[in-house]
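The values are calculated or read from the model by the stated rules, or taken from the named source; none is laboratory data. No experiment lies behind these values; they were computed from the predicted model shown. All Cβ positions, glycine included, derive from the backbone under ideal geometry; neighbour counts span all protein chains shown.
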Amino acid sequence: MVKKSEIKGPDVSNKKTIDAAKSVLRGTSKRGKFANLLPFLGPAFIASVAYVDPGNFATNIAGGAQFGLTLLWVIVASNLMAVLIQSLSAKLGIASGRNLAEMCRERFPKWFVMFLWILMELVAMATDLAEFLGAAIGFNLLFGIPLWVAGILTGIATFIILGLERKGFRHLEAVITAMVGVVAISYVVETIIVKPVWGEVLFHAFVPQFKGSESILLATGILGATVMPHAIFLHSALTQGRIVVKKPTLLKRLFKFEQIDILIAMGVASLINMAMLVMAATTFHNQGITSVGSLEVAYKTLEPLMGKASSAVFGISLLFSGLSSASVGTMAGQVIMKGFLHREIPVWIRRLVTMVPSMIVVAIGLDPSRTLVISQVLLSFGLPFAIIPLVIFTSQKKIMGVLTNRKITSILAYIVAGIIVVLNVFLLYSTFKG
């Protein structure tokens with residue numbers, strides 16, 4: 001029998017969830033299997049928002065419009081990589097009680113820690129820029145309001161969403177999950193409207209192929225920019241104090257539940273991304289429209305091709321994607337600052353600071369969609385500095401204990417890290433080469 005003192009939860013406002021998790025881990029719960037799983041669901045759904053943000057909209061729509069269903073398999077491969085990387089991130093928080101930023105601060109030289117902090121702050125700002133602009137574009141497209149007003153509305157909305165964190169992690173998890181659900185439902189509707197040929201969808205989902213060098217470059221953009229640095233840092237923070245266990249058997253049991261959370265959340269994110277590409281392939285590519293230069297063009301082109309409902313659903317999904325990812329981006333920024341510097345500033349100040357670049361972009365009239373693409377370049381540059389430390393830490397028994405990576409896990413993780421690093425270097429080279 002496990003003593004109550006061996007399992008702790010840090011947030012009394014979430015006592016009901018924590019108590020339910022405790023009973024499941026002890027084996028004393030009398031609820032059904034699905035009810036037993038519910039207390040552990042949440043962290044991966046927040047992290048998964050990074051995989052359905054406005055940047056994903058842009059790359060998936062471009063890929064579908066230009067090459068049809070050819071690159072659908074890239075999304076499947078991306079998701080498999082994401083499951084592995086996010087599993088390592090979640091495991092680090094569970095096993096060590098530290099998030100990735102804190103581990104870097106404790107284990108690396110001070111000069112390198114400062115370098116990582118500055119780089120990851122820039123990454124967080126680039127992330128927030130993309131997500132903030134995506135939500136603002138959603139407001140603009142749906143309601144026809146000026147982009148600068150849409151930016152202000154986005155800021156207000158994200159303030160409200162982040163305010164839920166004061167009531168405990170469960171409230172925020174529920175709202176973010178609901179928003180991901182809206183995006184998912186939107187693309188279920190889009191898929192029904194466009195009526196793809198399912199045999200072709202299944203074929204291209206599992207058979208790798210390209211159509212010339214341009215398709216390779218776009219595949220690199222989809223695959224190399226899928227795993228976001230801020231999601232890696234954030235996921236380790238979401239699990240580090242949610243349910244705290246000491247006994248090895250309980251650690252293993254807790255991680256198994258977290259793996260289920262990751263598989264469900266990343267599976268949903270993968271299906272959403274696949275639906276984006278399928279919609280673009282069926283709607284644009286099949287109609288001979290192979291170049292969709294921006295999200296605004298995609299929205300305006302959908303209506304004459306597939307009817308007003310399809311463009312409205314697209315706008316709604318973009319809006320909820322932007323709002324949820326902007327909120328999660330701000331959370332990640334807090335984790336990064338607190339972890340590297342052991343300092344914290346109020347969320348509302350951080351929200352204001354990260355809003356400034358976005359508002360400047362809107363105010364001076366820069367192309368929002370082009371700015372989205374540029375922001376992804378900075379994210380690509382920061383990615384190796386998140387993945388490599390993560391694999392190093394989770395491979396060390398002194399840090400991870402019974403949750404240390406198995407040899408095959410470490411090998412796969414290093415292979416994935418190597419692939420992502422190489423692809424991102426290629427993406428950066430191609431971008432700057434023009």
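Could you list all residues from the range 41-86 that are buried (at least 24 other Cβ atoms within 10 Å of the Cβ), over 11 Å from the mean Cα position of the chain (by Cα) and among the aromatic types (Phe, Trp, Tyr)?
Matches in the range 41-86: 57, 67.
Would you point out the residue of the range 7-19, among those that are over 27 Å from the mean Cα position of the chain (by Cα) and part of a helix (DSSP H, G or I), that is modelled with the lowest pLDDT?
The residue in question is 12.
Against the definition (surrounded by fewer than 18 Cβ atoms within 10 Å (Cβ to Cβ) and β-branched (Val, Ile, Thr)), how does residue 156 come out, yes or no?
Yes, satisfied.
Name every residue in the range 190-213 that is closer than 30 Å to residue 158 by Cβ and buried (at least 18 other Cβ atoms within 10 Å of the Cβ), in order of residue number.
Once the filter is applied, which keeps residues that are closer than 30 Å to residue 158 by Cβ and buried (at least 18 other Cβ atoms within 10 Å of the Cβ), the range 190-213 yields 190, 191.
Can you name every residue in the range 278-302 that is modelled with pLDDT of 70 or more, in a loop (DSSP other than H, G, I, E, B) and buried (at least 18 other Cβ atoms within 10 Å of the Cβ)?
Result: 284, single match.
Select from the range 241-260 the residues that are part of a helix (DSSP H, G or I) and surrounded by 23 or more Cβ atoms within 10 Å (Cβ to Cβ) and list them in ascending order.
Hits for the range 241-260 are 254, 258.
Which residues, taken from the range 390-406, are over 24 Å from residue 420 (Cα atoms) and without any contact (Cβ under 8 Å) to a residue 60 or more places away in the chain?
Within the range 390-406, 397, 398 qualify.
Which pairs do you get when a residue that is closer than 20 Å to residue 177 by Cβ, found in the range 249-263, comes within reach of a residue that is among the charged types (D, E, K, R), reach meaning Cβ atoms under 8 angstrom, with the pair 6+ apart or on two chains?
Taking only residues 6 or more apart or on different chains, the pairs are 258/91.
Could you check the range 261-277 and list, in sequence order, the residues that are closer than 26 Å to residue 94 by Cβ and crowded, with 19+ Cβ neighbours inside 10 Å?
Within the range 261-277, 261, 262, 265, 266, 268, 269, 270 meet the criteria.
Does residue 360 meet the test of being in contact with an Asp or Glu (Cβ under 9 Å, 6 or more places away or on another chain), of a type in the set (Val, Ile, Thr) and either in a helix (DSSP H, G or I) or modelled with pLDDT under 75 (or both)?
In short, no.
Would you point out the residue of the range 109-126, among those that are within 30 Å of residue 402 (Cβ to Cβ) and free of Cβ contacts under 8 Å to residues at least 12 places away in the same chain, that is surrounded by the fewest Cβ atoms within 10 Å (Cβ to Cβ)?
109
As an exercise: evaluate residue 158 against (1) farther than 15 Å from residue 274 by Cβ; (2) at pLDDT 85 or above; (3) polar (S, T, N, Q) and give the number of the one condition it does not meet.
So residue 158 meets the others, but not (2).
Any residue at all in the range 260-268 that's at pLDDT 85 or above and of a type in the set (Gly, Ala, Ser)?
Yes, some residue in the range 260-268 is at pLDDT 85 or above and of a type in the set (Gly, Ala, Ser).
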